[in-house]
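These notes concern the structure reproduced below.
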Amino acid sequence: MNAQRTLRRPVSCSGIGLHSGNKVTLSLKPAPADFGIRFQRSDLGGLEIRATVTHLGGIQYQTGLTREAVSVETVEHLLAALTALGIDNVIVELNSPEVPIMDGSAAPFVYLIVNEAGVKRLPVARRYLKVLRPIALTQGDKRIALYPSDHFKVTYSISFDHPLLRHQSRTMRVTEESFVEEIAPARTFGFLKEVEMLRRRGLALGGSLDNAIVLGETGVLNTLRFEDEFVRHKILDVIGDLTLVGHPVIGHLVAHRGGHALHTAFAAKILEEADAWRLVEAPVDVPVAGVPVAVPATSAARLAN
């Protein structure tokens, strides 16, 4: 049996909201089988928001969830880490509307989950959403599709009108190990010329070179962790956004020029096309022990219980 998982013990960290600029404390707590991933606003009496497309909120340079006029924002990096590490059930407690951006990647969350919280199996089988026929969505020059496969694989391509970032493409089979080593450290990115525009709109108020790659007109203002870090981060984003279907996916995801709006619209479309998939239990369990964690020392240093 491929068992559901939760955390072994509660853990906390603190950081800055990328868009709000506010300090926020995040706590991850164990939860029982079939509980799912639920966000709780401790500053608002513990109101819960399930991480599903039903509660999809505003999508503006991030993925947000909402319920009864209460929201949580910038959830995608944390959701990607939870999904890739097989954490099916967890309470995510926040004292502010936004998940902390940390270093702009999912690596600090991987460190928090694996090294601090630990992983615990539960005596209930995990169910996967296995794709049976292609599902596709196109919005202008942006497109995304899922095809049948025996495992979860992502092919992503990006294209920007920028001299330093014309085109990047990458195909990866997503496993715990490949996520930790090759996807989780990839940071969010933006363009210097857009920073002032975003801040006038109340966005990116917490953004800095410590938590985002910034591209100027003639160069990258940071040191890259990967030559193709930009497309790797897009893979990270889509893994997090597809968490909103409610089950880990078995299929080959192919996306071109996507973003959070396309990813989340596609998550809703997957659930609408119920004849294109079925829920299955995978026959082989994957050991938790020995999952490698490669978190930059600067990221680990910002994790504060």
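The values are calculated or read from the model by the stated rules, or taken from the named source; none is laboratory data. Small disclaimer: the values here were computed from a predicted structure and weren't measured. Virtual Cβ from ideal backbone geometry, glycine too; neighbours counted across all protein chains shown.
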Failed condition for residue 68, given (1) at pLDDT below 95; (2) among the acidic types (Asp, Glu); (3) within 16 Å of residue 245 (Cβ to Cβ), with all others met?
-> (3)
Within segment 218-230, is there a residue that is of a type in the set (A, V, I, L, M), outside the structural domain of residue 103 (by TED's automatic domain parsing) and part of a helix (DSSP H, G or I)?
-> no
Is it true that some residue in segment 25-40 is on the phi > 0 side of the Ramachandran plot and either in contact with an Asp or Glu (Cβ under 6 Å, 6 or more places away or on another chain) or modelled with pLDDT of 95 or more (or both)?
-> yes
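Each row is one residue, and each column tells you yes or no for (1) touching a strand residue (DSSP E or B) at 6+ places or on another chain (Cβ under 7 Å); (2) surrounded by fewer than 24 Cβ atoms within 10 Å (Cβ to Cβ).
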| site | (1), (2) |
| --- | --- |
| 219 | no, yes |
| 228 | yes, yes |
| 251 | yes, no |
| 256 | yes, yes |
Restrict the check to segment 140-152 and report whether at least one residue is out of contact with any helix residue (DSSP H, G or I) (no Cβ under 8 Å at 6 or more places or on another chain), crowded, with 17+ Cβ neighbours inside 10 Å, of a type in the set (Gly, Ala, Ser) and not in a helix (DSSP H, G or I).
-> yes
Of the residues that sit in segment 231-263 and are within 14 Å of residue 159 (Cα to Cα) and assigned to a loop (DSSP other than H, G, I, E, B), which one is farthest from the chain's Cα centre (by Cα)?
-> 257
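Going by the structure shown, is residue 246 small (Gly, Ala, Ser) and surrounded by 23 or more Cβ atoms within 10 Å (Cβ to Cβ)? Give the derivation first.
On the way: small (Gly, Ala, Ser): yes; surrounded by 23 or more Cβ atoms within 10 Å (Cβ to Cβ): no.
No, not satisfied.
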Across segment 30-49, which residue is surrounded by the fewest Cβ atoms within 10 Å (Cβ to Cβ) among those that are in contact with a Ser or Thr (Cβ under 9 Å, 6 or more places away or on another chain) and farther than 13 Å from residue 72 by Cβ?
-> 32
Condition set surrounded by 13 or more Cβ atoms within 10 Å (Cβ to Cβ) and basic (Lys, Arg), scope segment 174-216, selection nearest to residue 80 (Cα to Cα): answer is 187
Residue list for segment 156-194, filter: part of a strand (DSSP E or B), hydroxyl-bearing (Ser, Thr, Tyr) and under 29 Å from residue 111 (Cα atoms) = 156, 157, 169, 171
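Considering only residues that are touching a strand residue (DSSP E or B) at 6+ places or on another chain (Cβ under 7 Å) and touching a residue at least 60 places away in the same chain (Cβ under 8 Å), look in segment 55-64 and name the one that is surrounded by the most Cβ atoms within 10 Å (Cβ to Cβ). Steps first, please.
From segment 55-64, those touching a strand residue (DSSP E or B) at 6+ places or on another chain (Cβ under 7 Å) are 55-58, 62, 64; that's our starting set.
Keeping just the survivors that are touching a residue at least 60 places away in the same chain (Cβ under 8 Å) gives 56, 62.
Numbers: 56: 18, 62: 22.
Ranking the qualifying residues of segment 55-64, first place goes to 62.
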The one condition in (1) surrounded by fewer than 19 Cβ atoms within 10 Å (Cβ to Cβ); (2) among the β-branched types (Val, Ile, Thr); (3) under 22 Å from residue 206 (Cα atoms) that residue 52 fails to fulfil = (3)
Filter result for the condition that a residue is at pLDDT 95 or above, hydroxyl-bearing (Ser, Thr, Tyr) and not assigned by TED's automatic domain parsing to the domain that holds residue 101, over 243, 298 | 243
Checking residue 101 against (1) assigned to a strand (DSSP E or B); (2) in contact (Cβ under 8 Å) with a residue 24 or more places away in the chain, the condition it does not meet | (1)
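Could you tell me whether segment 215-230 includes any residue that is in contact (Cβ under 8 Å) with a residue 60 or more places away in the chain and among the aromatic types (Phe, Trp, Tyr)?
yes
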